[in-house]
Amino acid sequence: MTDLQASLFVIGGVIVVGVIAYNKWQEHKAKKSVERAFSYSHDDVLMGASSAPQPAAGERQEPHFAQHDVDAAERELNDQDMSLEASGDAAFEEAAPVESLNLAEEKELPVDYLIDCTIPLTLTAQLRGEKVLAATQSLRSVGGKPIHFVGQRVDGGWEAITHGSVYKSLTAGVQLANRNNALNELEYSEFVMRLRQIADDFDADPDVPDMTEVMVTARSLHHFVAEHDAKLGINVQSKGAPWSVSTLLSALERQGFDVRPEGRLVMPDGEGGVLFSLSTNVTLAEETTNRLTLLLDVPVVLPARDGFGAMVACARSLAARLDGAVVDDSGQPLSDESLTEIAGQIDAFYADMETSDIPAGSTRALRLFN
């Protein structure tokens with residue numbers, strides 16, 4: 001081996017050691033950064049809530065309520081509404097762009113200040129919609145929470161990112177909660193990390209909100225969703241022999257029910273939505289059933305549709321045609337007085353949602369209660 005070869009080996013070894021040391025240092029910095037992000041402790045806003053057990057998300061409720069339970073729920077919901085409103089406003093003020101979205105305009109946008117964590121991206125140069133769409137295509141959701149982008153055009157208006165438009169600023173939003181859970185620390189960290197990568201491609205500066213504040217807002221919003229996640233069911237019970245499932249399905253389709261690909265029967269509202277659904281309570285292999293269950297997903301139906309009234313009318317019609325009775329889950333007959341009382345309680349429920357600026361059946365409600 002010549003002196004030149006030996007020198008090259010030594011130099012190469014020094015370079016390799018230097019690269020390894022640099023990588024280890026970078027890993028150490030990243031680890032410390034993550035530890036700092038997750039080490040901050042804060043009071044959970046849910047700790048102050050009632051200790052009484054709450055129904056699971058999406059859990060079906062019997063179509064009757066004790067009045068003292070309704071009053072207690074209203075008081076707790078009012079308290080929660082104020083907490084949610086304050087948290088949501090604070091989060092939006094923290095994350096709002098210099099030229100904020102007009103709130104009336106924003107309700108029609110896919111990024112919503114009330115139910116999304118919004119992060120503005122300050123651009124150093126204008127961007128075409130095609131470039132933004134291509135760069136954001138891979139960032140559509142984290143942990144089941146949808147992610148959307150909106151852009152501010154050169155004329156000052158905001159819109160969902162569109163081909164052919166030119167934008168001077170952007171805002172990204174990740175949904176803070178849904179029926180299943182709230183946005184958590186890992187999901188938020190993933191969202192921010194991937195958003196920073198996109199921002200680097202755009203030479204943009206994202207204004208990232210503090211994780212602790214975002215988590216408080218997300219949990220408050222999920223608490224609201226859990227408190228308003230109500231499903232009401234009524235049944236039509238056979239008075240005699242069970243009904244043939246195949247004959248029944250044909251009759252239900254003629255009455256206006258749609259059979260969805262997964263086999264679910266739904267009553268459409270005439271505009272692409274669903275008023276209520278129907279179950280035969282048996283598997284497809286069964287030939288007969290003696291009970292039908294109609295189910296109203298209360299927060300996703302517009303009050304103007306009167307989903308409960310339509311469901312009761314349908315149940316009565318089916319009972320008359322099939323020689324059945326309208327009953328609750330315990331098999332007890334539901335009187336006209338009971339059904340009228342329930343309708344009044346649903347009206348109060350809808351009023352609560354309206355007060356919270358998340359009206360039943362609205363785009364916000366459909367996103368949250370999905």
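The values are calculated or read from the model by the stated rules, or taken from the named source; none is laboratory data. Please read all numbers here as calculations on a predicted model, not as lab measurements. Reconstructed Cβ throughout: ideal geometry from the backbone, glycine too, with neighbour counts over all protein chains shown. Quick note on the areas: whole protein, heavy atoms, side chains included, nothing else; ligands and nucleic acids left out. Shrake-Rupley method; radii C 1.70, N 1.55, O 1.52, S 1.80 Å.
Residue-by-condition table, conditions (1) without any contact (Cβ under 8 Å) to a residue 60 or more places away in the chain; (2) under 30 Å from Trp243 (Cα atoms):
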| residue | (1), (2) |
| --- | --- |
| Val327 | no, yes |
| Gln332 | yes, yes |
| Thr363 | no, no |
| Leu368 | no, no |
**Prompt:** Considering only region 335-360, how many residues are touching a residue at least 12 places away in the same chain (Cβ under 8 Å), among the small types (Gly, Ala, Ser) and either crowded, with 17+ Cβ neighbours inside 10 Å or assigned to a loop (DSSP other than H, G, I, E, B) (or both)?
**Reply:** 2
**Complete:** The lone condition Ser279 fails out of (1) polar (S, T, N, Q); (2) open to solvent by less than 40 Å² (accessible area, probe 1.4 Å); (3) under 22 Å from Gln255 (Cβ atoms) is (2)
**Request:** Determine which member of the set Val225, Val298 is crowded, with 20+ Cβ neighbours inside 10 Å, more than 26 Å from Ser338 (Cβ to Cβ) and touching a helix residue (DSSP H, G or I) at 6+ places or on another chain (Cβ under 9 Å).
**Result:** Val225
**Item:** Conditions (1) among the aliphatic types (A, V, I, L, M); (2) out of contact with any Lys or Arg (no Cβ under 9 Å at 6 or more places or on another chain); (3) open to solvent by less than 30 Å² (accessible area, probe 1.4 Å); (4) free of Cβ contacts under 8 Å to residues at least 40 places away in the same chain: number failed by Val266
**Value:** (2)
**Request:** Filter region 211-249 for residues that are part of a helix (DSSP H, G or I) and among the hydroxyl-bearing types (Ser, Thr, Tyr) and give the result.
**Result:** Thr212, Thr217, Ser220, Ser246, Thr247
**Prompt:** Residues of region 167-209 being open to solvent by 10 Å² or more (accessible area, probe 1.4 Å) and part of a strand (DSSP E or B), which ones?
**Reply:** Lys168, Ser169, Ala182, Ala204, Asp205, Pro206
**Request:** List every residue pair whose Cβ atoms lie under 7 Å apart, where the two residues are 6 or more positions apart in sequence or sit on different chains, the first residue falls within region 291-305 and is under 20 Å from Tyr350 (Cα atoms) and among the β-branched types (Val, Ile, Thr), and the second residue, located anywhere, is open to solvent by 50 Å² or more (accessible area, probe 1.4 Å) and assigned to a helix (DSSP H, G or I).
**Result:** Val300/Leu366
**Request:** Could you grab me the full set of residues in region 311-334 that are open to solvent by 10 Å² or more (accessible area, probe 1.4 Å) and in contact with a Phe, Trp or Tyr (Cβ under 7 Å, 6 or more places away or on another chain)?
**Result:** Leu322
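Take Pro242 and decide whether it is touching a strand residue (DSSP E or B) at 6+ places or on another chain (Cβ under 8 Å), over 30 Å from Asn181 (Cα atoms) and surrounded by fewer than 20 Cβ atoms within 10 Å (Cβ to Cβ).
yes
Given the criterion open to solvent by 20 Å² or more (accessible area, probe 1.4 Å) and on the phi < 0 side of the Ramachandran plot, identify the matching residue among Thr289, Thr363, Thr293.
Going through Thr289, Thr363, Thr293 in turn, just one is open to solvent by 20 Å² or more (accessible area, probe 1.4 Å) and on the phi < 0 side of the Ramachandran plot: Thr363.
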